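This is the structure I have questions about; it appears just below.
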Amino acid sequence: MSMPQPWCSDDVFQIEYIEQPTWSPDGQSLAYVRATPDRVRNSFKRVIWVQRTGAAPRRFSAGTHSDRLPTWSPDGRWLAFVSSRGGDGMQLYVIPTDGGEATIVASLPAGVRGFVWSPDSRRIALVSYPLPADLLAETNPAPAPTSTFEADQQKAAKAHAAHQRVDPRVIDELPFRTGTDYIEGRRGQLYVVDVTQGASSLTRITDDQCDYGVPTWAVDGSALYAEAKRDPQSTSYFIGRCIAKVSVADAPAHVTRIEDDVWSVNSPQISPDGTWLAVTAQRNAAPFYGGSAILVRPVDGTAWHQLDVNDVTIGTWDWLPDSSGIAYVAEWHGQGTLRTVGLPGRSAMVLAQPTTGAGVVIDEFTVHADGRVAYTQGGPEGPSDLFVATHGGVSRVTNLLESVRPHRITVPFEEIWYPSADSQMVQGWLLPPAQVEPGKHYGLVLHIHGGPHAMWSPGTRSMWLEWQATAGAGFYVFFCNPRGSEGYGAAWQAGSKARWGHADQPDFEAGIDAVLAKGLPIDPARIGVTGGSYGGFMTAWLIGHSNRFAAAVGVRGVYNLITEHSMSDAYELVEYSFEMNPWHDAERLWQASPIAAVADMHAPLLIIHSELDFRVPIGEAEQLYTMLRRLGRTVEFVRYPREGHELTRSGEPAHQVDHMQRTIDWFARYLA
């Protein structure tokens, strides 16, 4: 047997993930999605698997394309899911749970974004984001061809029209692009399909600009509740969301907006008994920095009640099966644990308890009526696996790295708490090189998370391999959760407001000092820094405001707050973070930007960005690169086509490998 080797960037193709676990109504089956990188197709395949009680998991869907969102009908007779198998986007399918072929029940030009079964298992409500032209085609459909010849003629005419079209983009909305696409008038619209009648019964029930999200059914099946824009003409993107009650008896439906001056609400869920409505929310007056909340109200009530979640950051959440309260992932001090909170005046249902530990994070979960919990979890030993907790203990359903782990050196994560400059304690983690030779000194690489509101942990699935591969390349690796991070209370999260860079630089510097004080074989002249999004902001900020860094890699970073405000879909983040608009005090925003200190940046810098990143547009990278080149500094600029802001989390696997390896190679070159 060969000796174990360190993890490396090419192991992107070895890492699988478990997603979207869900119990069948009778509790005898557990469905989930297994995401596997496909080297040949340079994409991720997502396959639905099902485990019956007492049996081994088996593949349930074909696995040739991407199948997602497995959802049991309430009567347990059907499993619905979305799939790309038809080659025209993610469309909605159902398959009998007792065997048979999958049947398409909804096919829309813009695909299906999400869906929910009706309580009687007959209907499915779904959301899609059609173009105005798609809506027009629904209202005035082309006549169906009566022969193969006529179908070919229509196809040829459509292709000719597409070739001859004049296609400038006319923009009159804000935001006008997001993700990797221009919005072009798309708004979330609600549809209902009767599964017993098939795809021909698909009906759009909304026809407005409210931009609906995935709905939830009233218990009697008479209406849907969905998040929507409070003011359809507003340019707000992250706030200003309310709940809309949408009748399903007529099309277009009667819509009643449940508005609130205090809260911007998201992701409504009706309790299983149909009497309560729950949402996650942030305060309109303090978005981004006020912490997260779970609100509940009687379905026919008039006031929200905020449940006490003890100042934690809320991850995934759901109703308890007996409607006594909410189960949620509590992100706190580098862990993600499952907790419950009862409704006002009630005690929450007692659940089986998942196994937890330092650096372990639960990502998703599903609760059965008997209290069993199935959950996905990452930790120091691996980024993703599926477990089931019963009142008798915890069992492991998957062991995705079982065949790989014996051949790899997985280095430990050492947790470190250290005082910052103002004596506030900061939590961080340190990884050693995979192979340490006596008498040799090593470089140290500081990794910085984005957000700025996020929480990193050894169980952070999107970073686990990159940290291991960087350690595998012969570096010490350090990361922490500085001021502005989630998972340490609302006050800590608000600690960087209007003080990006100023508030958290001391936390990073103190962390490096704490690592160096441990007496490890680290060369203090060979320290690098890297981060993505806000982490890219801080990477550039640090090399412009400190001379301790010998090399840096800035990824999808915000470098100029003025242009980030006017080019991104995240203009509200800039406005609320700095409590201003750029036309009132552009000089202040300029001075708060890393690029203002470009003349003081001397560390060799690799700039990485995606060409379709509309959260942090590539113009941010172009500005910084051009200025550094004009200054004669060591800088390189790498652009990834077809990718957006989520490259390292959901981009093409080959791009993920290349991105990770280029980062490691840059540090190998300049920290050697």
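So for the chain, taking the charge dipole from beta-carbon charges (+1 Lys/Arg, -1 Asp/Glu), which of 270, 304, 544 sits furthest toward the positive end?
544
In µm²/s, what is D for the range 1-109 at 10 °C and 1.306 mPa s, where D = kT/(6 pi eta Rh) by Stokes-Einstein and Rh is the Kirkwood radius from Cα pairs?
So the translational diffusion coefficient is about 104 µm²/s.
Amide H to amide H under 5 Å from residue 364: which residues, 5+ apart in sequence or cross-chain, H placed 1.01 Å off N in plane?
Those lying under 5 Å, H to H, from residue 364 are 376.
Moving on to the next point. Residue 346 label point, 7 Å along Cα→Cβ, cut-off 20 Å on backbone N: hits in the range 238-268?
267-268
On the Cα set of the range 427-515, report Rg and Dmax in Å, please.
Radius of gyration, then largest Cα-Cα span, for the range 427-515: 14.2, 46 Å.
Let me ask something additional. Under a point spin-label approximation (7 Å from Cα along Cα-to-Cβ), what is the residue 391-residue 404 distance to one decimal in nm?
Rounded to a tenth, the inter-label distance reads 3.8 nm.
Moving to a separate point now. Only sites in a loop by DSSP and with at most 16 other Cβ atoms within 10 Å count here; which trypsin sites (Lys or Arg not before Pro) in the range 148-193 make the cut? Walk me through the numbers before you get to the answer.
Working: sites: 155, 158, 165, 169, 177, 186, 187; in loops: 165, 169, 186, 187.
Here the sparse-neighbourhood loop sites are 165, 169.
Further question: Report, by chain and number, residues whose modeled amide H sits under 5 Å from the one on residue 522, excluding near sequence neighbours (fewer than 5 apart, same chain).
Excluding prolines and chain starts, which carry no amide H, the hits are 442.
Based on the Kirkwood radius over alpha-carbon pairs, what is the Stokes-Einstein translational diffusion coefficient of the range 248-390 at 10 °C with 1.306 mPa s viscosity, in µm²/s? Don't jump to the answer; show the numbers that get you there.
On the way: Rh = 16.4 Å.
Diffusion coefficient, whole number: 97 µm²/s.
Turning to a different aspect of this structure: Once the piece of chain linking residue 668 and residue 174 is laid out straight, how much longer is it, given 0.36 nm per residue of separation minus the C-alpha distance between them?
Residue separation times 0.36 nm, minus the Cα-Cα distance, leaves 173.5 nm.
What percentage of the solvent-accessible surface of the chain, computed with a 1.4 Å probe over protein heavy atoms, is contributed by carbon and sulfur atoms?
50
Any idea how far the Cα center of the range 292-334 sits from the one of the range 407-441, in Å?
35
So with the 1.4 Å probe, I'd like the accessible area per residue for the range 302-437, rounded to whole Å².
So the range 302-437 comes to 42 Å² accessible per residue, rounded to a whole number.
Where Lys and Arg each count +1 and Asp and Glu each count -1, what net charge lies around residue 504 among other residues with Cβ under 14 Å from its Cβ?
Result for the local shell: -1.
Counting other Cβ atoms within 10 Å of each Cβ, which chymotrypsin sites (Phe, Trp or Tyr not before Pro) in the range 548-585 have at most 14 and sit in a DSSP loop?
583
Would you mind computing, in nm to one decimal, how far apart the modelled labels at residue 144 and residue 77 are, each placed 7 Å from Cα along Cα→Cβ?
Going by the 7 Å Cα→Cβ label model, 2.5 nm.
How far, in nm, would the chain grow between residue 417 and residue 322 when pulled straight, counting 0.36 nm per residue and subtracting the alpha carbon separation?
Fully extending the segment from residue 417 to residue 322 adds 30.2 nm.
Next question, about the same structure. How large is the dipole of the range 293-438 about the Cα centre if only Lys and Arg carry +1 and Asp and Glu carry -1, each at its Cβ, rounded to the nearest 20 debye?
Magnitude of the dipole: close to 300 debye.
Sticking with this structure for a sec: Hey, what number do you get for the chain at 222 nm if only DSSP H runs of n ≥ 4 count, each worth -39500 (n - 2.57), divided across all residues, to the nearest 500?
Using -39500 (n - 2.57) per qualifying helix, the result is -5000 deg cm²/dmol.
Moving to a separate point now. With only Lys, Arg, Asp and Glu charged, each at its Cβ (+1 for the first two, -1 for the last two), find how big the charge dipole of the chain is about the Cα centre; round to the nearest 20 debye.
That gives the chain a dipole magnitude of about 1080 debye.
Within the chain, what percent of beta bridges assigned by DSSP are antiparallel, to the nearest 5?
80
Residue 68 accessible area, nearest 10 Å², 1.4 Å probe?
Accessible surface of residue 68 is approximately 80 Å².
Can you compute the charge dipole magnitude of the range 155-248 about its Cα centre, using +1 on each Lys and Arg Cβ and -1 on each Asp and Glu Cβ, nothing else charged? Give it in debye, rounded to the nearest 20.
260
What label, among (i) 1.18; (ii) 0.96; (iii) 1.05, belongs to Rg/Rh (Cα atoms, Kirkwood Rh) computed from the structure on display?
It is the value labelled (ii).
Can you compute the label reach from residue 513? Point 7 Å from Cα along the Cβ direction, backbone N cut-off under 15 Å, restricted to the range 533-547.
546-547
Sticking with this one: Quick one: accessible area per residue over the range 1-136, 1.4 Å probe, rounded to a whole number of Å²?
Accessible area per residue, the range 1-136: 44 Å².
The values are calculated or read from the model by the stated rules, or taken from the named source; none is laboratory data. The structure presented is a predicted model; accordingly, all values stated were derived computationally and were not measured. Methodologically, a virtual Cβ is constructed for each residue, glycine included, from the backbone with ideal geometry; neighbour enumeration extends over all protein chains shown. Keep in mind that these areas ignore ligands, DNA and RNA; they rest on the heavy atoms of the full protein, side chains included. Shrake-Rupley method; radii C 1.70, N 1.55, O 1.52, S 1.80 Å.
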